[in-house]
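Encoded as structure tokens, the structure appears first; notes follow it.
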Amino acid sequence: MAMQLLETLQEAITAYTGLSPATFITLVALAFAGYYYAISGGSSDNHPQQRSRSYEEDMQPLPPPVQLGEISEEKLKAYDGNDSKKPLLMAIKGQIYDVSQSRMFYGPGGPYALFAGKDASRALAKMSFEEKDLNGDLTGLGVFELEALQDWEYKFMSKYVKVGSIKKPEPAPEPSTNDQPAEPSAAEPAEPSAAEPAEPTAAKPADHVPSETAVGETKEETTSETNKHG
């Protein structure tokens, strides 16, 4: 069976190319060699060395992940991969992971580079690359979007090391009621009584009572008049 196929192939090469099978195979080999030489840039001596050097650099062991604890979203931006001395970090649902081992995906120039240094929960759930979705806000997401985000979270938990969490902003303190000035009472002032003022009572004239001096003078006058008539 194999011999029949080989003979058929040789006949086909001769029929379509007009060349013997040995000549056709030689030409094909030369074509592959020329193609390889062209893509290698013609520097057969230097190219392997450059390739091996870059390969060794890529294969250098990564430093162990550093635990950061709780940090703010503003500080997380410093770990977006632009500083090669810092780890490459990314957060999902407030949990920060070290994704340095996948720098080709999340580092500068990678397809997911815009997720690095951020909590990209909303963008991952919606599979969005818009700037407005590069945050950890999950409000308004549908069931399928939340399930997609859950799958991303499981992937990160199984593949990368968790190194911290995003510090939630502290709520603004409510003003104390003791510090506020007392509000004036809303009660209306009492209206004056509508009762009419009492009329003054007319004082009755007091009965005339003669004083002792007046009585004495009357007696003297009476006595004097009696002496005159006498």
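The values are calculated or read from the model by the stated rules, or taken from the named source; none is laboratory data. Predicted model, so just to flag it, every value in this text is computed and none were measured. In this analysis, Cβ positions are derived from the backbone assuming ideal geometry, glycine residues included, and neighbour counts consider all displayed protein chains. Surface areas here come from the heavy atoms of the whole protein model, side chains and all, with no ligands, DNA or RNA. Shrake-Rupley method; radii C 1.70, N 1.55, O 1.52, S 1.80 Å.
Values for this structure:
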| read-out | value |
| --- | --- |
| Exclusive hit being open to solvent by less than 60 Å² (accessible area, probe 1.4 Å) and in a helix (DSSP H, G or I), set Leu146, Leu124 | Leu124 |
| One residue from Gly110, Gly140, Gly117, Gly136 being more than 17 Å from the chain's Cα centre (by Cα) and assigned to a loop (DSSP other than H, G, I, E, B) | Gly110 |
| All positions within region 86-105 that are of a type outside the set (Ser, Thr, Tyr) and open to solvent by less than 20 Å² (accessible area, probe 1.4 Å) | Leu88, Leu89, Met90, Ala91, Ile92, Gly94, Ile96, Asp98, Val99 |
| Residue within region 52-70 that is part of a helix (DSSP H, G or I), touching a helix residue (DSSP H, G or I) at 6+ places or on another chain (Cβ under 9 Å) and either open to solvent by less than 80 Å² (accessible area, probe 1.4 Å) or of a type in the set (Ser, Thr, Tyr) (or both) present | no |
